[in-house]
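Let me begin by presenting the structure, written as structure tokens, before commenting on it.
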Amino acid sequence: SLHIVYMGSLPKGDYSPTSHHLSMLQRTTNDNDANNHILRSYHRSFNGFAAMITHQQREMLSKMDRVVSVFPSRTLQLHTTRSWDFMGFQESIKKNNTGESDVIIGVIDTGIWPESESFNDHGVGPIPKKWKGACEGGKNFTCNNKIIGARHYLNENGSARDVVGHGSHTASIAAGNRVSDASFYGIAGGVARGGAPSARIAVYSVCGSVGCSDNALLAAFDDAIVDGVDLITISIGTDDPVPFDRDTIAIGSFHAMGKGILTINSAGNSGSKGITFSVSPWLFSVAATTMDRKIIDKVLLGNGLTLTGKSINAFASNGTKIPVVPGKLASNPNCPSIEEAESCSAFCVDPKRIKGKIIMCRTVYGDVSATAYGAFGVIFMSNEFEARVVSYLSLSIDSKAYDLALAYATFINDTVIIVADFSSRGPNSFIPEIMKPDISAPGVEILAAYSPLASPSGDSNDKRSVKYNILSGTSMSCPHVAGIAAYVKAFHPDWSPAAIKSSIMTTAKPMNGIDGEDILAFKEFAYGSGFVDPIRAINPSLVFDHSKDDYVNLLCSMGHDTSTVRLISGDNSTSCPSSSLHLPRAKDFNYPSIVTKVGPVVKPFIVNFTRTVTNVGFANSNVGFANSTYTASVQQHSSMNITVVPNILKFKSLNEKQTFVVNVRGILSIDEVLISSSLMWTDGTHNVRCPIVAFV
């Protein structure tokens with residue numbers, strides 16, 4: 001089967017990666033030609049290869065020198081513009097357009113539709129001189145001064161042209177042009193624009209109709225790092241977290257970080273505690289929230305009662321009264337049970353009884369068979385909180401409304417406010433002291449560019465073609481943060497990935513609410529540091545910075561030995577302490593959040609955390625605010641006592657660093673699984689906020 005052999009950083013000096021990879025394979029096979037087994041060699045930004053090997057070969061390769069890990073190539077999944085105004089990021093705000101036009105965002109996704117208005121290069125200046133990539137988008141694919149590079153890695157399409165729609169959507173959220181009168185059949189109409197509309201886009205197509213290949217994804221990172229991107233946005237992942245040395249997104253983003261590139265990654269759409277896969281400390285993991293828009297439909301019953309439900313419905317009954325028939329009354333004599341009849345099972349639906357009518361189904365699974373058999377539309381019972389694009393006249397309503405729907409129906413549209421619940425939760429599966437997700441951004445019912453070749457509803461029978469579509473998921477929240485990161489980098493081009501990440505986290509707006517009572521205990525593990533505030537992010541005043549060396553030291557505390565850490569980092573001077581007592585403590589890693597996993601409930605705990613902040617001043621300041629004084633304030637919790645030493649930080653110069661210790665002591669009651677607070681440094685005008693979480 002297809003496996004990836006990861007070998008860390010490229011060795012310094014005279015070294016031929018591909019020759020080395022072939023010779024390694026040759027030693028494990030009786031086949032004289034190792035080229036028959038190797039699929040891809042990673043040799044531009046890091047070292048490794050993908051090959052078809054047996055279990056026995058896997059064991060042999062894993063024992064060879066310079067091999068960090070050998071693991072199967074998985075199939076990952078996609079994490080499927082009013083939003084910018086909702087964040088307070090209006091078109092009128094002051095931007096550094098010159099700096100922004102020099103920012104290159106690498107989009108690793110399903111490709112892009114280059115002819116979309118969101119990606120034309122009208123009025124766009126020359127390609128930045130730092131760009132070293134290529135336009136290898138395949139047949140009939142043309143780059144321009146907006147889409148400055150394209151590569152594809154799958155044989156399925158043979159092109160970077162997007163036939164799925166997802167990649168065009170995410171790219172336009174991050175850096176799409178301003179497009180007036182964009183809508184989905186008149187729904188959510190208005191201006192569609194990206195967070196950094198002057199930024200450039202480099203496309204790396206790694207996903208097809210069946211998912212995203214691990215080996216292709218790693219090849220995209222290998223190219224993007226050398227091509228010269230400044231940021232990478234990747235709305236891809238899995239529901240099964242794996243250790244760093246077997247996680248292609250973690251591997252690729254680590255080597256990107258080493259070259260000063262921040263990778264923004266979607267947290268996932270599982271909505272369950274502890275299920276987010278995006279856990280590496282160098283990744284910027286993004287959860288999804290909603291905004292002040294909810295797309296709903298209404299059904300008007302024959303008795304005058306109006307019920308509210310959900311769907312992104314481009315169809316209408318034009319006021320015509322349509323007969324409604326419950327699924328159990330529209331079943332055939334061979335239906336095995338009442339439950340299947342009420343669910344509109346394909347085995348039960350009688351085409352003669354539903355043709356031209358609206359059928360009522362107790363589950364969402366019966367809608368496809370119902371419309372295939374000629375139903376006019378479907379009303380189905382569902383507790384999903386977000387509306388979805390449908391390829392037929394349909395409405396999703398809750399159980400109470402469903403029981404009231406007994407007569408005739410027509411469909412219209414409306415908008416209200418909604419709260420998200422599908423976004424994957426923490427805590428971090430591998431390093432509990434590193435909070436995940438990091439941040440939240442809009443990810444529900446987002447209008448953005450789409451591929452006209454893709455079904456807008458995902459239904460293969462839906463032959464409509466659209467330029468813009470409405471999608472939900474952390475896939476949509478992730479490029480929002482990528483656009484904000486590009487906005488910040490335009491003002492601070494020399495900032496490290498960690499500084500950009502810190503600036504967005506520490507200026508975020510605090511959040512309190514989560515949809516769904518079952519997860520109320522996991523507040524910060526649902527939304528991270530809070531809801532993004534783009535305008536404040538360019539002036540964080542203080543940042544929690546760290547370098548590649550800090551991450552390398554953290555690898556030691558993650559259980560990797562000296563030889564492995566040297567392979568990964570490419571630095572032979574690195575050494576992990578021989579005693580676990582001297583290992584770097586993950587709790588003291590200079591992260592912009594403070595998290596501790598404590599023992600059993602009703603047992604007191606005391607933990608000290610060390611942090612260092614850097615005075616970065618303020619953008620567009622004539623004086624730079626080199627001399628500044630910050631005072632600590634703590635939001636106390638009844639189950640936790642927090643002190644900060646020192647509680648006053650006095651800075652005399654820009655880029656000066658100051659260290660402080662946060663002492664947290666407390667006890668979780670029998671009914672508490674998480675308690676949280678926050679530390680805020682303030683100079684009277686600027687606030688630098690850091691969440692504090694203790695959990696069992």
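The values are calculated or read from the model by the stated rules, or taken from the named source; none is laboratory data. Small disclaimer: the values here were computed from a predicted structure and weren't measured. A quick note on method: Cβ atoms are made from the backbone with ideal geometry, for glycine too, and the neighbour counts reach across all protein chains shown. In case anyone asks, the SASA skips ligands and DNA or RNA and just uses the protein heavy atoms, side chains included. Shrake-Rupley method; radii C 1.70, N 1.55, O 1.52, S 1.80 Å.
From the Cα gyration tensor of region 417-496, with a ≥ b ≥ c the square roots of its eigenvalues, which class applies: rounded if a/c is under 1.5, or else prolate if a/b is larger than b/c, or else oblate? Oblate.
In a fully extended conformation the segment linking MET680 and LEU453 would gain 76.8 nm over its present Cα-Cα distance, using 0.36 nm per residue. Overall form of region 600-686: prolate. Here a/c, set by the Cα gyration tensor axes a ≥ b ≥ c, is 1.5 or more, and a/b is the larger of a/b and b/c. Of HIS152, PHE141, GLY111, which is farthest along the charge dipole of region 65-163 in the positive direction, counting Lys and Arg as +1 and Asp and Glu as -1 at C-beta? Looking along the dipole axis, the top candidate is HIS152. Of the residues ASN97, TRP84, ASN47, the one whose Cα sits farthest towards the positive end of the charge dipole of region 43-106 is ASN47 (charges of +1 on Lys and Arg Cβ, -1 on Asp and Glu Cβ, taken about the Cα centre). Per residue, the accessible area of region 1-120 comes to 46 Å², computed with a 1.4 Å probe over protein heavy atoms only.
When the helices of the chain are scored as -39500 (n - 2.57) per DSSP H run of n ≥ 4 and the total is divided over every residue, the value at 222 nm lands at -5500 deg cm²/dmol. Listed by chain and number, the aspartates and glutamates whose alpha-carbon sits under 20 Å from that of LYS328, ignoring those within fewer than 8 places in the same chain, are GLU339, GLU340, GLU342, ASP350, ASP367, ASP398, ASP403. At full extension, LYS509 and VAL325 could sit 61.5 nm farther apart than now, given 0.36 nm per residue minus the alpha carbon distance. How large is log10 I(q)/I(0) at q = 0.18, 0.32 Å⁻¹ when the Debye formula is applied to the Cα atoms of region 93-144, each weighted equally and without solvent? Debye intensities relative to I(0), on a log10 scale: -0.77, -1.46.
Computed from label points 7 Å out along Cα-Cβ, the spacing between THR18 and ILE667 is 6.7 nm. Sorting 51-64, 489-502 by average packing, meaning the other beta carbons within 10 Å per residue, from highest down gives 489-502, 51-64.
Within the straight-line cut-off of under 22 Å between alpha carbons, the lysines reachable from LYS129 are LYS95, LYS146, LYS259, LYS489, sequence neighbours fewer than 8 places apart in one chain being disregarded.
Under a model in which nothing but the beta-carbon of Lys, Arg (+1) and Asp, Glu (-1) is charged, region 573-696 shows a dipole of about 220 debye around its Cα centre.
Dipole of the chain computed with +1 at Lys/Arg Cβ and -1 at Asp/Glu Cβ about the Cα centre; of SER628, SER460, THR507, farthest Cα towards the positive end is SER628. Straight-line cross-link partners of LYS652 among the aspartates and glutamates, defined as a Cα under 18 Å from its Cα and at least 8 positions apart when in the same chain: ASP683.
Take each peptide in 109-119, 69-79, count the other Cβ atoms within 10 Å of every residue, and average; sorted highest first, the result is 109-119, 69-79. Averaged per residue, region 183-268 has 19 square angstrom of accessible surface, using a 1.4 angstrom probe with ligands and nucleic acids left out. Going by a ≥ b ≥ c, the root eigenvalues of the Cα gyration tensor, does the chain fall in the rounded group (a/c under 1.5), the prolate group (a/b larger than b/c) or the oblate group? Because a/c hits 1.5 or more and a/b exceeds b/c, the chain counts as prolate. Sorting 144-152, 126-134, 208-216, 90-98 by average packing, meaning the other beta carbons within 10 Å per residue, from highest down gives 144-152, 208-216, 126-134, 90-98.
Give the percent of DSSP beta bridges with both residues in the chain that are antiparallel, rounded to the nearest 5. Bridges in the chain that DSSP calls antiparallel: roughly 65 percent. For region 556-696, the solvent-accessible area works out to 49 Å² per residue, with a probe of 1.4 Å and every protein chain left in place. Ligands, DNA and RNA left out, the 1.4 Å accessible surface of the chain is 50% carbon and sulfur atoms.
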